[in-house]
Amino acid sequence: MKEKEKLASILRSMTLDFFGRGKHKISPENHFKSEDALFLDVRSSKECETLSFNLVHHMQVLNIPVEEIPDRLEEIPKNKIVGIFCCSGVRATVVYVYLRLFGYEKVRIIEGGYCSISEELKPGKLLRLLESKNKK
């Protein structure tokens with residue numbers, strides 16, 4: 001019964017103000033600028049093996065397929081801003097609600113998913129991002 005109450009509470013918090021202000025989303029650019037953040041890639045293992053990125057100079061990337069989230073929940077830190085992504089946003093949205101149900105407050109869906117993250121890694125944008133991080 002507690003899970004139903006938690007889910008009801010989460011759903012009630014998703015008002016027009018919540019969605020209208022985009023409180024559930026974050027752009028890749030802003031996520032890269034976040035101090036204490038990581039990416040959570042919820043695509044399948046085969047998708048990640050086919051096309052993935054390693055963000056050694058930026059932040060941690062966790063690859064946990066959506067169907068493995070319940071069994072690997074302890075790998076996702078609650079004290080970091082977790083930017084969830086997949087290809088289309090459907091799986092990211094499911095995982096977003098699931099994590100909220102388990103008390104994750106700092107979760108966001110990456111706007112545009114994998115494609116928008118890739119766009120931020122173009123040479124000019126990447127150079128500016130690395131330079132701004134080095135100044136800190």
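So in the range 1-15, with the set limited to residues that are assigned to a loop (DSSP other than H, G, I, E, B) and loosely packed, with under 12 Cβ neighbours inside 10 Å, which one is modelled with the highest pLDDT?
Thr15
Report, ordered by the first and then the second residue, all pairs with beta carbons closer than 6 Å, sequence separation of six or more or different chains, a first member in the range 10-37 that is within 14 Å of Lys80 (Cα to Cα), and a second member that is open to solvent by less than 60 Å² (accessible area, probe 1.4 Å) and aliphatic (A, V, I, L, M).
Short answer, once both residue conditions are applied: His31/Ala37; Phe32/Leu129; Ser34/Ile81; Ala37/Met59; Ala37/Ile81.
What do you reckon, is Ile81 open to solvent by 30 Å² or more (accessible area, probe 1.4 Å), of a type in the set (Val, Ile, Thr), within 22 Å of Leu121 (Cβ to Cβ) and at pLDDT 90 or above?
yes
Does the range 16-36 include one or more residues that are assigned to a loop (DSSP other than H, G, I, E, B), open to solvent by less than 70 Å² (accessible area, probe 1.4 Å) and at positive phi?
Yes: one or more hits.
Listed residues Ser116, Ser132; which is in contact (Cβ under 8 Å) with a residue 60 or more places away in the chain and out of contact with any strand residue (DSSP E or B) (no Cβ under 9 Å at 6 or more places or on another chain)?
The unique qualifying residue is Ser132.
Quick one: in the range 37-55, which of the residues that are under 30 Å from Leu127 (Cβ atoms) and part of a loop (DSSP other than H, G, I, E, B) is modelled with the highest pLDDT?
Val42
Suppose we keep only residues that are over 13 Å from Ile10 (Cβ atoms) and open to solvent by 50 Å² or more (accessible area, probe 1.4 Å) within the range 95-122. Which one would you say is nearest to the chain's Cα centre (by Cα)?
Among those that are over 13 Å from Ile10 (Cβ atoms) and open to solvent by 50 Å² or more (accessible area, probe 1.4 Å), it is Arg108.
The values are calculated or read from the model by the stated rules, or taken from the named source; none is laboratory data. What you see is a predicted model, and the numbers here were worked out from it, not measured in a lab. Heads up, the Cβs are rebuilt from the backbone with ideal geometry, glycines too, and the neighbour counts pull from every protein chain shown. These area figures cover heavy atoms from the full protein model, side chains too; ligands, DNA and RNA do not enter into them. Shrake-Rupley method; radii C 1.70, N 1.55, O 1.52, S 1.80 Å.
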